[in-house]
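Reviewing the structure listed below.
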Amino acid sequence: MPAATTEQLATLQNTTVVVHPLVLLSVADHHARSVSRTSTKRVIGALLGQDNGKIINVANSFGIPFEEDDKDSKSWFLDHNYVQEMYDMFRKVNAKERLIGWYHTGPKLRASDQEINDLFKRFVARPLMVIVDVRPQTVGIPTDAYFAVDEIKDDGTETLKTFVHVPSAIEGEEAEEIGVEHLLRDIKDSTTTTLATRVAEQLASLRGLQSRLSDIQKYLVDVSQGVMAVDHKIVYHLQDVFNLLPDLADPTVRESFAASTNDALLVVYLSSLLRAVIALHALVDNKATVGRAELEEGGGEEKVKEKAVEKKEESSKS
């Protein structure tokens, strides 16, 4: 493996890995079928898709037989012949999907990841490694993508193999989005109301924002204390975020925010009133319909009774 230069590292960091929902479902199903809920073992599989340079599209995957010793990280077994056979069969179905890397359910990096990554170099020159957290403890994207590089030391010592983190995103085609919507509809808890669901989603979003802000705070504190080195790219991104924040000290900005919020809440209030009026109208209309039906049924029964009385009188006369 050639040593990675600064330019190559910048190119890797500008690469985006797009993971499709089908891959996440396949990985979750593979883990659920292979590992018990109380176990900490991981599963490993191959990733299929297209490597377009800056964008790597992970569209499909399949599991691989894998065993490792929990006590000794260097003792592991992976059936590479199975990988080749499965890849040949997948290529017959869809020739556009190439073997681009591998995944495991970590949920963190492990000591044997470099050796497994070197094994996958038999199939692809630059294998992608994606860690899929099937039991996420925090709010956010459950995927982390990495590329293996040789880190060059400034003191001229021997290069060190390490993994470079690259950004990842979850995107799907229209058919996948429809399938995910149907799946979420099937697993949706029918006992919770729509309002409760929306509040839970908002709460989860706020928790995710809080975790991101906590990470930023921890990074800045570590940099100020000299624990971590300054990364100017991160500082530039933070500066862009701060520049986008509104100046709430300006009274004009506060008034505009208040006016916009009041307008939005007014629409919500009027919509709630209109919805309540329509519901009351439907209730009154339903009550009136039921009353008319009861009157008609009562009138019909009286007519039937009158006819029965007339028949009895005619029979008694005869």
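Go through region 111-120 and give me each residue that's open to solvent by 60 Å² or more (accessible area, probe 1.4 Å) and either in contact with a Gly (Cβ under 7 Å, 6 or more places away or on another chain) or free of Cβ contacts under 8 Å to residues at least 40 places away in the same chain (or both). Please lay out each step first, then the result.
Narrowing region 111-120 to residues open to solvent by 60 Å² or more (accessible area, probe 1.4 Å): 111, 115.
Hit for region 111-120 is ALA111, nothing else.
For region 92-103, the set of residues classified as charged (D, E, K, R), touching a strand residue (DSSP E or B) at 6+ places or on another chain (Cβ under 8 Å) and open to solvent by 50 Å² or more (accessible area, probe 1.4 Å) consists of LYS96, ARG98, listed by residue number.
Candidates in region 1-31 are the residues that are at pLDDT below 75 and open to solvent by less than 50 Å² (accessible area, probe 1.4 Å); of these, the one that is farthest from GLU67 (Cα to Cα) is ALA10.
For first residues located in region 206-227 and in a helix (DSSP H, G or I), partners that are open to solvent by less than 100 Å² (accessible area, probe 1.4 Å) and lie 6+ apart or on another chain with Cβ distances below 6 Å form the pairs ARG207/VAL139; GLY208/VAL139; GLY208/GLY140; ASP222/MET228; VAL223/VAL230. Taking (1) under 24 Å from ASN57 (Cβ atoms); (2) at pLDDT 90 or above in turn, GLN114 satisfies each apart from (1).
Here's the yes/no breakdown for (1) open to solvent by 30 Å² or more (accessible area, probe 1.4 Å); (2) not aliphatic (A, V, I, L, M):
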residue: THR105; (1), (2): no, yes
residue: PHE123; (1), (2): yes, yes
residue: LEU128; (1), (2): no, no
residue: THR138; (1), (2): yes, yes
residue: THR143; (1), (2): no, yes
residue: ASP150; (1), (2): no, yes
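Once region 50-81 is narrowed to residues that are at pLDDT 90 or above and of a type in the set (S, T, N, Q), the residue that is least open to solvent (accessible area, probe 1.4 Å) is SER61. In region 32-49, of all residues being loosely packed, with under 15 Cβ neighbours inside 10 Å and within 30 Å of ALA175 (Cα to Cα), the one that is nearest to the chain's Cα centre (by Cα) corresponds to ALA32.
The values are calculated or read from the model by the stated rules, or taken from the named source; none is laboratory data. As the structure is a computational prediction, the values presented were derived from the model and not from experiment. Ideal geometry is used to build each Cβ from the backbone, glycine not excepted, and the neighbour counts take in all protein chains shown. To get the accessible areas, we keep the full protein, side chains included, count just its heavy atoms, and leave off ligands, DNA and RNA. Shrake-Rupley method; radii C 1.70, N 1.55, O 1.52, S 1.80 Å.
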